[in-house]
1. Contact order normalised by length for the stretch A:109-239, with contacts defined as Cα pairs under 8 Å and 6 or more residues apart; what percent is it?
2. Each label point is 7 Å from the Cα along the Cα-to-Cβ direction; what then is the distance between the points at residue B:120 and residue B:16, in nm?
3. Mind checking A:60-66 for the average number of partner chain beta-carbons within 10 Å of each residue's beta-carbon?
4. Using alpha-carbon pairs under 8 Å, 6+ residues apart, how would you state the relative contact order of the stretch B:17-109 in percent?
5. Sorting check: for A:224-230, A:159-165, B:90-96, which peptide has the highest mean count of neighbouring beta carbons within 10 Å, and how do the rest follow?
6. What is the stretch B:25-126 by shape, rounded, prolate or oblate, if you read a ≥ b ≥ c off the alpha carbon gyration tensor as root eigenvalues and call it rounded for a/c under 1.5, prolate for a/b larger than b/c, and oblate otherwise?
7. On the first, second and third principal axes, largest extent first, how far apart are the outermost C-alpha atoms of the protein assembly as shown in Å?
8. Could you please rank B:66, A:204, placing first whichever residue has the fewest other Cβ atoms within 10 Å of its Cβ?
């Protein structure tokens, strides 16, 4: 399975999001449309804090989420790139991740990918064991994440594997194996997959591919079978 | 002073009518439905259920109104007929569509005031 065939599987998924809130929230609907999602805005005289979005999959109600979470991801994702402190989790952000899971987003920025990666790294940190495979296109991109991964490796029993084009030699970190790639399969790919030591409830993966015109198209998932497939595909690239 | 120059008062409501309106809007889901229809005139029951479920969870309400199927059933069997009987909306149960009816100025004023107070109270962050 290549990343492209994986992403193609999500192309036909029927996801529609309706944003309900005051006029100021109209832009969130527009941002979702930019991500290739069928989004509409419906005026509702709520305060900003109580605005919300309803997600429908295949025409059926799936979830209602506070708009604040969606908005911060779409408009200003939080990135603390050199955060080496103890990773934490935020329920609002987790809700957002599950709401947009299995949804192909067509215009992701590196900041949004990094924010999502951090969520999943935090999850791996909390689980504390299992295999985490990450690909940041080239190893030099990993440089800014170095301190964060050092914490991740030293505080947990995680088996961490980092993949990327061989353009920087990272310092050795116990618990982390680096896989410089000569193969170009993952060159345009941003990827993170965590097997949670076999616990299906905690598995997660993010896969995104850089598009011709700049942004990434990608998807994240908590579907354990899909995560297993992605893990296997990454291993195969390095064999 | 010529009393005809006084501002025109909206005709008062009978106490029975006022009781009915207050009873109708005593339930939060019905205030939500009224507020939404006052903005959009007409909506399907699915859309109204989305609004009640989403808004309730945004307001941190109990899981009662956060379950979509239960809420839809409550709308269909209880809330929409109550609003319909009070002459606030017209609910077409066959088409599953609710439409705001044309209200007398005094009824509209009472409903709008309650709805405003409700959103001001619970959505006061803005």
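Each reported figure results from applying straightforward, stated rules to the coordinates on display, with no laboratory input. None of the values given here were measured: they were computed from a predicted structure. Note that each Cβ is placed from the backbone with ideal geometry, even for glycine, and that neighbours are counted across all protein chains shown.
1. The value is 25 percent.
2. 3.2
3. On the way: counts 2, 9, 1, 4, 11, 3, 4.
If you average over the peptide's residues, the count of other-chain Cβ atoms is 5.
4. Details: 93 pairs, mean separation 27.2, N = 93.
After rounding, I find 29 percent.
5. Working: A:224-230: 18.4, A:159-165: 20.9, B:90-96: 14.1.
Highest mean packing first, the order is A:159-165, A:224-230, B:90-96.
6. On the way: a/c = 1.90, a/b = 1.04, b/c = 1.83.
Here the stretch B:25-126 falls in the oblate category.
7. That gives 92, 45, 37 Å along the principal axes, largest extent first.
8. On the way: B:66 16, A:204 27.
Ascending Cβ contact count within 10 Å gives the list B:66, A:204.
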